[in-house]
Amino acid sequence: MSDPDEGAPEIPLLALRDGLTDVVDSRASLDQVIDAFRSGSGPIAIDAERASGYRYSQRAYLIQIRREGSGTSLVDPIAFEDLDELNDAFGPAEWILHAASQDLACLREVGLAPTTLFDTELAARLLGYPRVGLATLVETILGHSMRKEHSAVDWSQRPLPQPWLEYAALDVEVLVELRDILHEQLQEQDKLIWAEEEFEHLINMRPTPRVDPWRRTSGIHKVKNRRALAAVKELWTARDQLAQQRDTTPGRLIPDSAIIVAATSLPASRHELLATKGFHGRGAKRFVRLWAEALDRARELPESELPSPARRNDAPPQMRTWIDRDPESAAQVLTAKSRLQEFSDARQVPIENLLTPDYLRRVIWRPPTGAGDLETAIKQALTDLGARPWQVQITAPMITSAIEDPDPLPKKEPPKSPGDSSGSPAG
């Protein structure tokens, strides 16, 4: 019997070129790293490991850095008040990260911030790669297989096991090589300016606080009255405060599903709460007094203070309602989406990277007015929302033409009569 994989090319496993060094967790070892990276050359490959799923905070628990002439260093940021001196050693060198939006915030917390940036994940998206995970890109572009078994471990653990450290060090091993190839492909596809504007946007971007974050509780659509919504809010807030105090992920105390069950049933006592089917979690029984008090607060709220069924904001309504509420806007947005999709397909760039979907909905639901022509007003509106110049230049003319001359809405199929089960003639 023949081996089904016989003859298939073998993909070599990515390995550390310089071996694994000790974790940098002392002043003396940090001084050595600072000197090494100050004297190195070229860009800085950098990555950070957080303890998502284990800790409340999004702080970095390990930072991996690599530079030509400097080698790879694994820095324990918990051992230091900040890493400002390391940032100084990098100087104006370009940083290379994969999925930079996930790591920049925790790096800034310890004093690390780039002046220039190359994001290999975002570059791959703009180039139309269907899968942009680091391991997939390394295998597709560089022909190496990466280990994946430690991607979801608790990086706040000390000491960190050696296999975890090897896994972490590999994340920066080939970033420079990957960056160079993607950079060349961006140039070949005339997308380099797109990428550079996106990278600049990432450097300057700061997360905006979420309004009413409790409304993002999974399953909240099942909550049908304002009193139950108040219970969701009180339970979510109590859980969030406790999780922050204990530095643990909120869902490890009680899951969202337990909040929804308790809010919709509103049990009157601790005993009833613990007996409620679906109310579970590591902290369900241990912190039952806290959950019961949250439900009591929701029960005691006056009607005037109960939360509204939907968050009030200036966002357009959900698109599924546009045809009934404003058919003209519905035709315009469908036309614009169709034209954006055509460009997306032709240039192999995801439509969501071409323009944030919310921006499109906003400028069509409330078309901008003012001095000058419509296209100029739309360009300004998109810029004010946060679209980058390359996005504005490409999409504003399509949106303008869609507003001025939309395609007709598709005709609705007439409802079938009760006796019409197949739609085929009787015979």
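The values are calculated or read from the model by the stated rules, or taken from the named source; none is laboratory data. These numbers were taken from a predicted model, which means no experiment stands behind them. When we count neighbours, we look across all protein chains shown, and the Cβ atoms used for this are built from the backbone with ideal geometry, even at glycine.
The conditions of being within 30 Å of Ser145 (Cα to Cα), among the aromatic types (Phe, Trp, Tyr), in contact (Cβ under 8 Å) with a residue 12 or more places away in the chain and in a helix (DSSP H, G or I) are met by Trp194.
For (1) loosely packed, with under 14 Cβ neighbours inside 10 Å; (2) charged (D, E, K, R); (3) in contact (Cβ under 8 Å) with a residue 60 or more places away in the chain, each residue gets a yes or a no:
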residue	(1), (2), (3)
Leu122	no, no, yes
Leu126	no, no, yes
Gly143	yes, no, yes
Pro161	yes, no, no
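A residue that is surrounded by 16 or more Cβ atoms within 10 Å (Cβ to Cβ), free of Cβ contacts under 8 Å to residues at least 40 places away in the same chain and either assigned to a helix (DSSP H, G or I) or basic (Lys, Arg) (or both) occurs nowhere in region 39-56.
So if I check each of Leu30, Leu62, which one is at pLDDT 95 or above, aliphatic (A, V, I, L, M), under 25 Å from the mean Cα position of the chain (by Cα) and closer than 24 Å to Val174 by Cα? After ruling out the rest, the residue left standing is Leu62.
For region 57-75, a residue qualifies if it is crowded, with 22+ Cβ neighbours inside 10 Å and of a type in the set (Lys, Arg), and the qualifying residues are Arg66, Arg67. Residue check: Lys224 meets all listed conditions (1) over 20 Å from Ser52 (Cβ atoms); (2) of a type in the set (D, E, K, R); (3) surrounded by fewer than 16 Cβ atoms within 10 Å (Cβ to Cβ); (4) at pLDDT 95 or above but one, namely (4). Pro130 meets the conditions (1) buried (at least 16 other Cβ atoms within 10 Å of the Cβ); (2) at pLDDT 95 or above in every case but one. The failed one is (1).
Does region 156-178 include one or more residues that are of a type in the set (Ser, Thr, Tyr) and either in contact with a Leu (Cβ under 6 Å, 6 or more places away or on another chain) or at positive phi (or both)? Within region 156-178, not a single residue is of a type in the set (Ser, Thr, Tyr) and either in contact with a Leu (Cβ under 6 Å, 6 or more places away or on another chain) or at positive phi (or both). Taking first residues from region 98-109 that are over 11 Å from Leu202 (Cα atoms) and surrounded by fewer than 22 Cβ atoms within 10 Å (Cβ to Cβ) and partners that are at pLDDT below 95 and not aromatic (Phe, Trp, Tyr), the Cβ contacts under 8 Å between residues at least 6 apart in sequence or on separate chains come to Cys106/Gln58.
Identify, from the list Arg289, Arg299, Arg320, the residue that is loosely packed, with under 14 Cβ neighbours inside 10 Å and at pLDDT below 95.
Going through Arg289, Arg299, Arg320 in turn, the sole match is Arg320.
Residues considered: Val176, Val232. Of these, the only one that is in a helix (DSSP H, G or I) and in contact with a strand residue (DSSP E or B) (Cβ under 7 Å, 6 or more places away or on another chain) is Val176. The set of residues in region 17-38 that are touching a residue at least 60 places away in the same chain (Cβ under 8 Å), out of contact with any strand residue (DSSP E or B) (no Cβ under 7 Å at 6 or more places or on another chain) and surrounded by 12 or more Cβ atoms within 10 Å (Cβ to Cβ) contains only Leu20.
Here the condition is being at pLDDT 95 or above, surrounded by fewer than 16 Cβ atoms within 10 Å (Cβ to Cβ) and in contact with a helix residue (DSSP H, G or I) (Cβ under 7 Å, 6 or more places away or on another chain); of Glu177, Glu200, it holds for Glu177 alone.
Within the set Pro415, Pro410, the sole residue that is at pLDDT below 90 and either closer than 18 Å to Thr335 by Cβ or hydrophobic (A, V, I, L, M, F, W, C) (or both) turns out to be Pro410.
Comparison of Leu360, Leu334 shows that the only residue that is assigned to a helix (DSSP H, G or I) and under 27 Å from Asp190 (Cβ atoms) is Leu360.
Being part of a helix (DSSP H, G or I) and not hydrophobic (A, V, I, L, M, F, W, C) is a description that applies to Glu121.
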